[in-house]
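See structure below.
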Amino acid sequence: VSGGRLALDRSIRSRRSLERATGHRVLGLIPKVVDWDEDQIQNVALEHPTSPPAEAYRTLRTSLRFLTVDESVHRILFTSATAGEGKTTTVANLGVTLARAGKRVLLVDADLRKPRLHELFGISGDEGLATALQGASAADLVHAVDGCDNLAVLPAGGALAESAERLGSDRATEVFATLDGLADLILIDAPPVLPVADALEVGRYVDAVILVARAGTTQPKEAQLASELLVQVGAPMV
């Protein structure tokens, strides 16, 4: 029976299968540690800096350095095909590793539907990007991260109705222009591509887009469609 289940499971399980599905090269592989709970795995770069997953995020950081040698790469969007594939965890851990390498890094939670980034750093999520999109000063809503110099977070600030329209508005363009002056790199955590249009809206005015997939969960067709949708709106997939 288990063999039959394996035969029916067509999820992505290798670097090659993800590259084949999306048409883009894989920048990094993060191992799953089976004897850790989810809370431990979420902010491993901050809490367990010598662990194998933390080292894998440092390897991903090295891959990103080749992208960011060109100073025109400033805003990087992280998304996935569907929910639960690890994009928020990736943004948090990569932010820590980049900041510890000397970059001034700002993490922006642009998931205005199910925001979680603030939870990984133990900061308040009451105000943030949603507040700024409604007229508040974005710079005043940024939180420094305790225990990690050079790293700051702009939470989502709660759910926001018509979030796709808000993220594609002129006000959103103004907000991100303000944030540009606060850091060397801005890592943006966006909702998954297939259920909602939010990531497609933000993807139009970033410098690079990274698609996160989860081994054993993400289906090739999902990764392929998400990649195609991003490319169709002119998002710079890397």
Enumeration of residues in region 89-128 that are among the aliphatic types (A, V, I, L, M) and either part of a loop (DSSP other than H, G, I, E, B) or open to solvent by 30 Å² or more (accessible area, probe 1.4 Å) (or both): 101, 110, 112, 123
Does residue 147 satisfy the condition of being in a loop (DSSP other than H, G, I, E, B) and open to solvent by 60 Å² or more (accessible area, probe 1.4 Å)? yes
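Yes or no, residue by residue, for (1) at pLDDT below 95; (2) outside any loop (DSSP other than H, G, I, E, B); (3) over 14 Å from the mean Cα position of the chain (by Cα):
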site	(1), (2), (3)
130	no, yes, yes
136	no, no, yes
156	no, no, no
176	no, yes, yes
187	no, yes, no
210	no, yes, no
215	yes, no, yes
221	no, yes, yes
228	no, yes, yes
Working carefully through the options 230, 167, 187, 200, find the one that is surrounded by 20 or more Cβ atoms within 10 Å (Cβ to Cβ) and free of Cβ contacts under 8 Å to residues at least 40 places away in the same chain. 200
For residue 218, state whether it is surrounded by fewer than 18 Cβ atoms within 10 Å (Cβ to Cβ) and hydroxyl-bearing (Ser, Thr, Tyr). no
Is it the case that some residue within region 77-91 is touching a residue at least 60 places away in the same chain (Cβ under 8 Å) and in contact with a Cys (Cβ under 9 Å, 6 or more places away or on another chain)? no
Top-ranked residue of region 70-88 - restricted to ones that are modelled with pLDDT of 90 or more and among the polar types (S, T, N, Q), ranked as most open to solvent (accessible area, probe 1.4 Å): 82
Options 152, 215, 197, 159; residue that is of a type outside the set (Lys, Arg) and in contact with a helix residue (DSSP H, G or I) (Cβ under 6 Å, 6 or more places away or on another chain): 197
Being touching a Ser or Thr at 6+ places or on another chain (Cβ under 6 Å) and open to solvent by 30 Å² or more (accessible area, probe 1.4 Å) is the requirement here; does residue 225 meet it? no
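The values are calculated or read from the model by the stated rules, or taken from the named source; none is laboratory data. This one's a predicted model, so the numbers in the text were calculated from it and none came from an experiment. Please note: Cβ atoms are built from the backbone with ideal geometry, for glycine as well, and neighbour counts cover all protein chains shown. Accessible surface areas use protein heavy atoms only, side chains included; no ligands, DNA or RNA. Shrake-Rupley method; radii C 1.70, N 1.55, O 1.52, S 1.80 Å.
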